[in-house]
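Chemist: My questions all concern the structure below.
The values are calculated or read from the model by the stated rules, or taken from the named source; none is laboratory data. Everything numeric here is computed off the predicted structure, so don't read it as measured data. Neighbour counts are summed over all protein chains in view; Cβ atoms, including those assigned to glycine, are modelled from backbone coordinates with ideal geometry. Heavy atoms of the whole protein, side chains included, go into the accessibility calculation; ligands, DNA and RNA do not. Shrake-Rupley method; radii C 1.70, N 1.55, O 1.52, S 1.80 Å.
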Amino acid sequence: MTRPIPLRKRLLVRLLITSVLIAICSVAATAWLAVETTTRAIQEEQGQVLTEDMDILRQLSGYAATHRDWSGVGKTVRALSDRTGRRIALTAPDRTPIADSETRNTALPPRAAAAVDPLHTDTFTEPGAQRTGIDPRAVGPFRLPRAERERVRLLAEKRRACFSINGVETRITQMPSGRSVLTDEAGTVDGGQVPTPCADGVLNTPTATEEKALAQLNTYAGDCLKHVGGKFPSLFAATVDFTDRSMLTRYVGGKAETGIDTTRDQDKKAQECVDRARRQQLEPFVAPAAELFLGRGDSAVPHFDMSAANKAKVTGVAGLVLALTVAVTVLVATRLVRPLRALTHAAQQPPEQHVRVPVTTQDETGILAVAFNDLAERRERMEAQRKAMVADIAHELRTPLTNIRGWLEVTRDGVVDPDPELLASLHDEAVVLQRVIDDLQDLAAADAGTLRLHREPVRADELLEQVVAAHRVAAEAAGVRLHTAVAAAKGSDGSHGLHGSDGSDGVPWLDADPVRMRQALGNLVSNAIRHTPADGTITLSSRRHDDEVVFEVADTGSGIAPEDLPSVFERFWRAEKSRSRRTGGSGLGLSIVRQLVTAHGGTVTVTSELGSGSVFTLRLPDAR
């Protein structure tokens, strides 16, 4: 008897525990993530979007500051869109498209995220624009040509070496105009305090290009400065401040620079004149103002409120999910385990009982139960056949061996002389014994798949004639007539028996082993002769049907009962159980017929009616 399964190892309990753990973990994790990460994720996303917006605006403003138009900005827009995963579109102030990362023709957001204008930028887009609102990367005519750039760099190298000798470490930094300046670790230009030996003023002296640009700038600012300065217009000027990393062009006034007192209001208005002149000077060198549209708006995101009501909802939903999970798991597991237990109990019973299990479902478990019952039924049937086969083999071998032994013993004792008649009788018994062994050997080879076939083209009519010739003597001795009938295929004109285009005469051909086919048909004829009374008829026929060659062996014998038809091809089966091998055969002939036909890729069937005879039909592949 099987030991009871511990509770913790039962499938039902394990499924239940697993489902509960999964439900608890999933509910707990979902609630924790909702509470702990939602608000933080929203805040981080809001900050990230703002940072992305500023970076996009900074890069597009830099493009506008260094290009005269927007003709090549599409590549930059697509690169920014790929990096940020957002839609980026530029239009003129009148909404005329300039560039768009969205390939589909979709509507723009209702309002622009920002204006891209390097001459009127905000105070946070680019460091250095805080004073004037002009993007420091917009240098226009102040951009140094290559020769001046190299000369200024050499001067910067010379001053850096002087600074290093005097204990001040600096590095060379190139400004947007191409001018080289010295900065220390804090980013201060010229290291803050310039050592006296290094204060030659050469590095900060404007180049020819810068002098030309400053002259143009003073010309643009002249009219405005006249109105600011009153009767002192010549005392106001503009210069380039090389101590600022953005190379700021600024107004220079006041007594410290000119020796003339100016008011703070005059200084402010004068600086505005210089800034206005700078914008006028830079305008031809920068792209026109544009509107920037981004794929996500900057509307406020609602805060996740984990209030008492929300906590109650989460708890209620978690409890409901847990309860439903437990209920469903118990229901499903119970339905799953019950038939499995029945199968296990049936499989553990003694084999001779052949226990079946009830089929209660139509799912996979029900299919398994049906398969188990079929297996049990086949096993019971095979066991019965095995027992009957062993008994039949013992009986079939015992009779001829007993006869041979008896005659040999009486001959040895001198009771009977070994005359030719006795020897002929012993030979007949040995032939009977050999025939049983040969039949068993053929069946064993067919079962093992080692039955060899030597295929060759075979004419159906010749095959039937050979079978009839081999059994004609036996048929005449039993008073039975043998006939053959071969139906030729139709020719191209619809007639029978004419030669076709391939030179044939219309007789069916098949690709088969002629020896094995004669054996199969011969077994059927021998069986028919034994069961056909005197003056009876046995007809062997063949015809072509579709892609098959059909052979029929029909007799006018005693026939087979309907209940016996399913057992005709079983081994050692006889219609009349009382008949011996000499009169009824061994019961292996029809089994051999089925094995041989199957080996050729065909089928064999039988139809019969008591008192009217039987018809065995063989269907084999056509050789065409």
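Results for (1) at pLDDT 80 or above; (2) polar (S, T, N, Q); (3) touching a Gly at 6+ places or on another chain (Cβ under 7 Å), shown as yes or no for each residue.
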site: Glu257; (1), (2), (3): no, no, no
site: Asp261; (1), (2), (3): no, no, no
site: Phe285; (1), (2), (3): yes, no, yes
site: Ala289; (1), (2), (3): yes, no, no
site: Asp305; (1), (2), (3): no, no, no
site: Gly316; (1), (2), (3): no, no, no
site: Ala333; (1), (2), (3): no, no, no
site: Ala346; (1), (2), (3): yes, no, no
site: Gln353; (1), (2), (3): no, yes, no
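Chemist: For segment 446-455, give me the residue count where each residue is at pLDDT below 85 and exposed (fewer than 11 other Cβ atoms within 10 Å of the Cβ).
Modeler: Residues meeting the conditions: 5.
Chemist: Can you list residue pairs whose Cβ atoms sit under 6 Å apart, with the first residue in segment 105-127 being modelled with pLDDT under 85 and polar (S, T, N, Q) and the second being in a loop (DSSP other than H, G, I, E, B) and open to solvent by 60 Å² or more (accessible area, probe 1.4 Å)? Count only pairs 6 or more apart in sequence or on different chains.
Modeler: Thr123/Gln130
Chemist: Please find, within segment 515-543, the residue that is surrounded by the most Cβ atoms within 10 Å (Cβ to Cβ) out of those that are among the β-branched types (Val, Ile, Thr) and in contact with a Ser or Thr (Cβ under 7 Å, 6 or more places away or on another chain).
Modeler: The residue in question is Ile538.
Chemist: A further question on this structure: Kindly establish whether Gly62 is over 12 Å from Ala290 (Cβ atoms), part of a helix (DSSP H, G or I) and more than 43 Å from the chain's Cα centre (by Cα).
Modeler: Yes.
Chemist: Here's a follow-up. Considering every residue within segment 194-211, establish whether at least one is open to solvent by less than 40 Å² (accessible area, probe 1.4 Å), of a type in the set (D, E, K, R) and at pLDDT 80 or above.
Modeler: Yes.
Conditions (1) of a type outside the set (S, T, N, Q); (2) open to solvent by 80 Å² or more (accessible area, probe 1.4 Å); (3) part of a helix (DSSP H, G or I), marked per residue:
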residue	(1), (2), (3)
Thr325	no, no, yes
Val330	yes, no, yes
Leu343	yes, no, yes
Glu352	yes, yes, yes
Arg356	yes, yes, no
Thr365	no, no, yes
Val370	yes, no, yes
Asp374	yes, no, yes
Arg379	yes, yes, yes
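Chemist: So, in segment 427-445, exactly how many residues are open to solvent by less than 60 Å² (accessible area, probe 1.4 Å) and at pLDDT 80 or above?
Modeler: 1
Yes/no per residue for (1) modelled with pLDDT of 90 or more; (2) within 21 Å of Glu548 (Cβ to Cβ):
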residue: Val467; (1), (2): yes, yes
residue: Ala470; (1), (2): no, no
residue: Ala474; (1), (2): no, no
residue: Arg481; (1), (2): yes, no
residue: Thr484; (1), (2): yes, yes
residue: Ala489; (1), (2): no, yes
residue: Ser495; (1), (2): no, no
residue: Gly500; (1), (2): no, yes
residue: Gly506; (1), (2): no, yes
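Chemist: Which ones in segment 516-565 are closer than 30 Å to Ala623 by Cα and within 53 Å of the chain's Cα centre (by Cα)?
Modeler: Arg516, Met517, Ala520, Arg543, Arg544, His545, Asp546, Asp547, Glu548, Val549, Val550, Phe551
Chemist: In segment 456-481, which residue that is exposed (fewer than 14 other Cβ atoms within 10 Å of the Cβ) and closer than 13 Å to Leu521 by Cα is farthest from the chain's Cα centre (by Cα)?
Modeler: Ala469
Chemist: What are the residue pairs meeting all of these: first residue in segment 147-174, first residue within 11 Å of Cys198 (Cβ to Cβ) and open to solvent by 80 Å² or more (accessible area, probe 1.4 Å), second residue assigned to a strand (DSSP E or B) and not hydroxyl-bearing (Ser, Thr, Tyr), Cβ atoms under 7 Å, and 6 or more apart or on different chains?
Modeler: That search, which allows pairs on different chains as well, returns Arg160/Ile172; Arg160/Leu182.
Chemist: Filter segment 212-227 down to the residues that are open to solvent by less than 20 Å² (accessible area, probe 1.4 Å) and farther than 17 Å from Glu272 by Cβ and list them by number.
Modeler: Ala213, Leu214
Chemist: Separate question: Within segment 544-564, is there a residue that is modelled with pLDDT under 85, open to solvent by less than 60 Å² (accessible area, probe 1.4 Å) and either of a type in the set (Lys, Arg) or within 30 Å of Arg398 (Cβ to Cβ) (or both)?
Modeler: yes
Chemist: Only one of Gly178, Gly222 is under 60 Å from the mean Cα position of the chain (by Cα) and under 22 Å from Gln280 (Cα atoms); which?
Modeler: Step by step, each of Gly178, Gly222 is checked, and only Gly178 is under 60 Å from the mean Cα position of the chain (by Cα) and under 22 Å from Gln280 (Cα atoms).
Chemist: Further, regarding this structure: Taking segment 65-97 only, how many residues are small (Gly, Ala, Ser), under 23 Å from Arg137 (Cα atoms) and surrounded by fewer than 13 Cβ atoms within 10 Å (Cβ to Cβ)?
Modeler: 2
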